[in-house]
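> Got a structure here, written out as structure tokens. Questions coming.
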Amino acid sequence: MTRRLLSGDYPRSRMLATLLLLILAGLAFAPFAFPGTRSLDVAAKVCVFILLVASYDLLLGYTGIVSFAHTMFFGIGAYGIAIAATRLGPTWGSLVLGSLVALACSALLSLLIGMLSLRVKTIFFAMITLAVASFFAILASQLSGFTGGEDGLTYKLPQLLLPGTKLLEAPLFGVEINGRIVSYYIVFFTAAALFLALLRVVNSPFGRVLQAIRENDFRAEAIGYRSVIYRSVANCVAALAASAAGILYALWLRYAGPDTTLSFDIMIDILLMVVIGGMGTMYGAVVGATLFVIAQTYLQDLMKLASDAAAGIPLLPDLVHPDRWLLWLGILFILSVYRFPAGIVGKLRGRQ
Amino acid sequence: MSEPRSGEHPVLETHGLTIRFGGHVAVNQVSCAFRPDTLTAIVGPNGAGKTTYFNLISGQLRPTGGRVTLYGEDITALPASQRTRRGIGRAFQLTNLFPQLSVLENVRLAVQSHAGMGLNLFSVWSGHVELIERAEHYLHRVKLTERRDTLASALAHGDQRKLELAILLALDPDLFMFDEPTAGMSVDEVPVILELIHEIKSQGDKTILLVEHKMDVVSSLADRIIVLHQGELVADGEPATVIASPIVQQAYLGLAGHE
């Protein structure tokens, strides 16, 4: 059972297995273990980013493709739901339609970009994706009648998913079971299922070819694998998964805008999460996304505590002032990349 | 990959095959036919265009002129991967492996390509036991079974050459192309390779092309020798006749006598 679920790709480190189980338990019981709007927001964001980062790992870690268009596919998913819900009303039908249209757009666009440009060298492909993604971001902010421009779109969702909807009369384990809890579990289970699907793809005969292409594309061609086709299919699968992450994120936030999905900052976050977690491992996405999102959210709080505690000591309170949180986040990243070049997963597996 | 064909019709033909790099003509108007159950050695001094000719046949390079046909069908426009799938198998002169994958995985990928399973996205690779067993069989044939879990990059040079051949065997081609298979190998490793080529040859239906510098190897294996000199085909025939011909004595043995 576990073997089938994990596609025979085990964590291969006791520490890593423990860490993954902790993250899984934390996310599965988040509404009960960490009640409160903010912590549930963090948990949902972690779920979405695990999926998003795992799909990027398929490209970067497994196939050796450097793409900067991943947030574009993330955005297509989010805007798909947002536009459908805004235009067609908050019904399940419009959400399904919006999702399907978004997935179809992503599949087409990714195959087109792949077929046209995956023949060229890595760096040129990276530049092309950068250009296409910038174009798309500008398009989204300029077509304000359709996309809400810089402000983005805020919309209603079907009744079942709204915070006001109570499903149970009495609270369960002290938590009121409302539409937000339902939304959270939709996000959680979909992200988990799609993560396992990606884990299956990288452990399939196809996934092994991707690693061969990453290692030596010349030889992969010589033994009969047309690398442009394999790269394009990988690009398409990754784009579909990224769009699915976008759909889930828009479903959770009830908002889609350039800052939450399309911005280049998110692209950099994704890159950092893959590298910190460990490239080409899939589990690295889980660890990287969880640590990153938690650090991003709670580092400021932690620093405020430290700053208050250090009051009276010269210089120290200023250094750990919450306004300096980006500086400390940066230092943490530099240290982690320096200390664990193979990522956290690589480090943990290497200890065995 | 395909049913046995009669010895009459050539498997592979090149028609006026030419490639220029700027002003330099590396392969010039080479027309030649290769029949099954024949091992053809391609000899010539360094820089004569032997490896370039190989690259044109297996698809790593596109010619500036001329055509390549496989079983009479024009394959000049096909990429290397398509030619491999149609039965052309090539081992490279400079070892060309998947360095960070295991020895077994290097061969398994070739077996998987031959089985046409590359685009299978939703099954687990380790579940396809038959592919793994076939890969192990080819490793056994080149006597690398004990190194199956080693990374290809960690192998000694001679073992890397053997792995190169195991990959070629795993593709189960109709046309085998060996580019200096014994280059850089120690004396005691060479017989393993030669025996292997001999085994392939004795199967009877395979077409084999061999680029080789060592004249003793060539004369013990070849049914036919063609000589390339400055990109042109200058001699073609029975080994004894070709080696004795003045043009070979002068163009090849004279110039490359130190090898």
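> May I ask you to say which residue of A:Thr165, A:Thr154 is at pLDDT below 90 and in contact with a strand residue (DSSP E or B) (Cβ under 8 Å, 6 or more places away or on another chain)? It would help to see each step written out before you state the result.
Details: A:Thr154 fails: at pLDDT below 90.
One residue alone meets the criteria, A:Thr165.
> Let me ask another. Considering only region B:83-96, how many residues are more than 7 Å from chain A (Cβ to nearest Cβ) and either surrounded by fewer than 24 Cβ atoms within 10 Å (Cβ to Cβ) or not in a helix (DSSP H, G or I) (or both)?
Looking only at that region, the number is 9.
For (1) part of a loop (DSSP other than H, G, I, E, B); (2) in contact with a Gly (Cβ under 9 Å, 6 or more places away or on another chain), each residue gets a yes or a no:
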site: B:Ser126; (1), (2): no, yes
site: B:Glu164; (1), (2): no, no
site: B:Phe176; (1), (2): no, yes
site: B:Thr182; (1), (2): yes, no
site: B:Met185; (1), (2): yes, yes
site: B:Leu194; (1), (2): no, no
site: B:Glu199; (1), (2): no, no
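> If you take the residues in region B:148-173 that are touching a Lys or Arg at 6+ places or on another chain (Cβ under 9 Å) and either surrounded by fewer than 22 Cβ atoms within 10 Å (Cβ to Cβ) or away from every other protein chain (no Cβ under 14 Å) (or both), which one is farthest from B:Lys206 (Cα to Cα)?
B:Ala154
> Would you please name the residue that is nearest to the chain's Cα centre (by Cα), looking only at residues in region A:173-221 that are of a type in the set (Gly, Ala, Ser) and closer than 25 Å to A:Leu5 by Cβ?
A:Ala191
> Scanning region B:211-224 for residues that are within 18 Å of B:Leu12 (Cβ to Cβ) and either at pLDDT 95 or above or charged (D, E, K, R) (or both), which turns out surrounded by the fewest Cβ atoms within 10 Å (Cβ to Cβ)?
B:Asp223
> Scanning region B:47-74 for residues that are part of a loop (DSSP other than H, G, I, E, B) and within 14 Å of chain A (Cβ to nearest Cβ), which turns out surrounded by the fewest Cβ atoms within 10 Å (Cβ to Cβ)?
Step by step, filter region B:47-74, then rank; the result is B:Arg62.
> Another question about this same structure. Looking at (1) farther than 26 Å from A:Asp269 by Cα; (2) exposed (fewer than 14 other Cβ atoms within 10 Å of the Cβ); (3) without any contact (Cβ under 8 Å) to a residue 12 or more places away in the chain, can you tell me which one A:Arg12 breaks?
Here A:Arg12 clears every test but (3).
> So, one more: Identify the residue in region A:231-250 that is of a type in the set (Ser, Thr, Tyr) and buried (at least 24 other Cβ atoms within 10 Å of the Cβ) and, among all such residues, is farthest from A:Gly64 (Cα to Cα).
This residue is A:Tyr249.
> Can you name the number of the only condition in (1) part of a helix (DSSP H, G or I); (2) in contact with a Lys or Arg (Cβ under 7 Å, 6 or more places away or on another chain) that A:Gly224 fails?
(1)
> Here's a follow-up. Would you confirm whether any residue within region A:335-351 is among the basic types (Lys, Arg), loosely packed, with under 15 Cβ neighbours inside 10 Å and in contact (Cβ under 8 Å) with a residue 40 or more places away in the chain? Write out each step before concluding.
First, the residues of region A:335-351 that are among the basic types (Lys, Arg): A:339, A:347, A:349, A:351.
Imposing the further condition that a residue be loosely packed, with under 15 Cβ neighbours inside 10 Å reduces the set to A:339, A:351.
Now restrict to residues that are in contact (Cβ under 8 Å) with a residue 40 or more places away in the chain: A:351.
Checked against the condition, which is being among the basic types (Lys, Arg), loosely packed, with under 15 Cβ neighbours inside 10 Å and in contact (Cβ under 8 Å) with a residue 40 or more places away in the chain, region A:335-351 yields at least one hit.
> Kindly indicate which of A:Leu22, A:Leu40 is buried (at least 18 other Cβ atoms within 10 Å of the Cβ) and assigned to a helix (DSSP H, G or I).
A:Leu40
> Any idea which of A:Ile181, A:Ile229 is among the β-branched types (Val, Ile, Thr), in a helix (DSSP H, G or I) and away from chain B (no Cβ under 14 Å)?
A:Ile181
The values are calculated or read from the model by the stated rules, or taken from the named source; none is laboratory data. This is a predicted model, so every value here is computed, not measured. Don't worry about glycine lacking a Cβ; one is built from the backbone with ideal geometry, like all the others, and counts go over all protein chains shown.
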